[in-house]
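I have placed the structure first, in the form of structure tokens, so that the comments after it can refer back to it.
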Amino acid sequence: MLYEDGVPTPEDLEKVRPSPEDLARGPVVVIECFQRIPCDPCHTNCKSGCILPFEDLNDLPRTDPSLCDGCGVCVAACPGLAVFIVDLTAGGEGRAVVQIPWEYLPVPDKGQEVVLTDRAGRPVGKGVCLKAVRFRDRTYVLHLDVPAELAMEARGIDRRALVESPA
Ligand code: SF4
Ligand code: SF4
């Protein structure tokens, strides 16, 4: 539960799950932000208008998913590491591409296999790092090729596995 261990509940996640239509369209932002706090860089950094204006700085983000172009700037801008991009149309048959924030070292190399983890840090499968993008000096955004069935589960990678099996 979010307030006890920082892990959102299935009910929390259901509220921000993109519709099948949005997922079928291309890249779509998934904002797993559930606490009202005075914070809005996800909105102020989104130049496409996908993350809607806040009426109150404490509001939870709202989106128009049809406007998301998958640029990933919001992933890097969120101090809460709560923003992800999911693209079920990329990656080929049975695959998807997920963008996640990454604040640790090492940064995986292009083509490196990674151990995917869920929101609680538990391993859920394997993926491949397609690239690590950095917007100025912000948090890295990892583009991960993942099995399509893990697109809404994989929200991190195992740092220990990276250290133990460098590229
Ligand atoms: S990925 Fe780009 S277009 Fe989509 S919500 Fe984030 S900043 Fe906006
Ligand atoms: S920047 Fe991150 S933590 Fe702040 S409101 Fe947006 S999603 Fe929530």
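The values are calculated or read from the model by the stated rules, or taken from the named source; none is laboratory data. Worth saying up front: this structure is predicted, and the values here are computed from it rather than measured. Counting neighbours? That spans all protein chains shown, and the Cβs are built from the backbone with ideal geometry, glycine included. In case anyone asks, the SASA skips ligands and DNA or RNA and just uses the protein heavy atoms, side chains included. Shrake-Rupley method; radii C 1.70, N 1.55, O 1.52, S 1.80 Å.
Only one of these conditions is not met by Q35: (1) within 16 Å of ligand 2 (Cβ to nearest atom); (2) closer than 16 Å to R159 by Cβ; (3) not basic (K, R). Which number is it?
Every listed condition holds for Q35 apart from (2).
So which residues in segment 105-134 are more than 24 Å from P8 (Cβ to Cβ), in contact (Cβ under 8 Å) with a residue 40 or more places away in the chain and within 15 Å of the chain's Cα centre (by Cα)?
Of everything in segment 105-134, those that are more than 24 Å from P8 (Cβ to Cβ), in contact (Cβ under 8 Å) with a residue 40 or more places away in the chain and within 15 Å of the chain's Cα centre (by Cα) turn out to be V133, R134.
Read through the list (1) under 25 Å from Y140 (Cβ atoms); (2) surrounded by fewer than 20 Cβ atoms within 10 Å (Cβ to Cβ), then give the number of the only condition that P10 fails.
Condition (1) is where P10 drops out.
Give the number of residues within segment 113-150 that are outside any strand (DSSP E or B) and among the charged types (D, E, K, R). Quick ask: steps written out before the conclusion?
Here is the first cut: in segment 113-150, the residues outside any strand (DSSP E or B) are 118-122, 134-139, 148-150.
Checking which are among the charged types (D, E, K, R) leaves us with 118-119, 122, 134, 136-138, 149.
Total meeting the criteria: 8.
Is it the case, given these coordinates, that L67 is within 16 Å of ligand 1 (Cβ to nearest atom) and farther than 28 Å from G127 by Cα? Give the steps one after another, and end with the answer.
On the way: within 16 Å of ligand 1 (Cβ to nearest atom): yes; farther than 28 Å from G127 by Cα: no.
Considered against the rule, which asks whether it is within 16 Å of ligand 1 (Cβ to nearest atom) and farther than 28 Å from G127 by Cα, L67 comes out as no.
Of everything in segment 47-100, what is in a strand (DSSP E or B), within 14 Å of ligand 2 (Cβ to nearest atom) and open to solvent by 20 Å² or more (accessible area, probe 1.4 Å)? Give them in sequence order.
T63
Would you please list the contacts, defined by Cβ atoms under 8 Å and residues six or more apart or on different chains, that run from a residue in segment 139-167 that is open to solvent by less than 30 Å² (accessible area, probe 1.4 Å) to a residue that is among the aromatic types (F, W, Y)?
Going by the 8 Å Cβ cut-off, the qualifying pairs are T139/W102; V141/W102; V141/F135; L142/W102; R155/F84; I157/W102.
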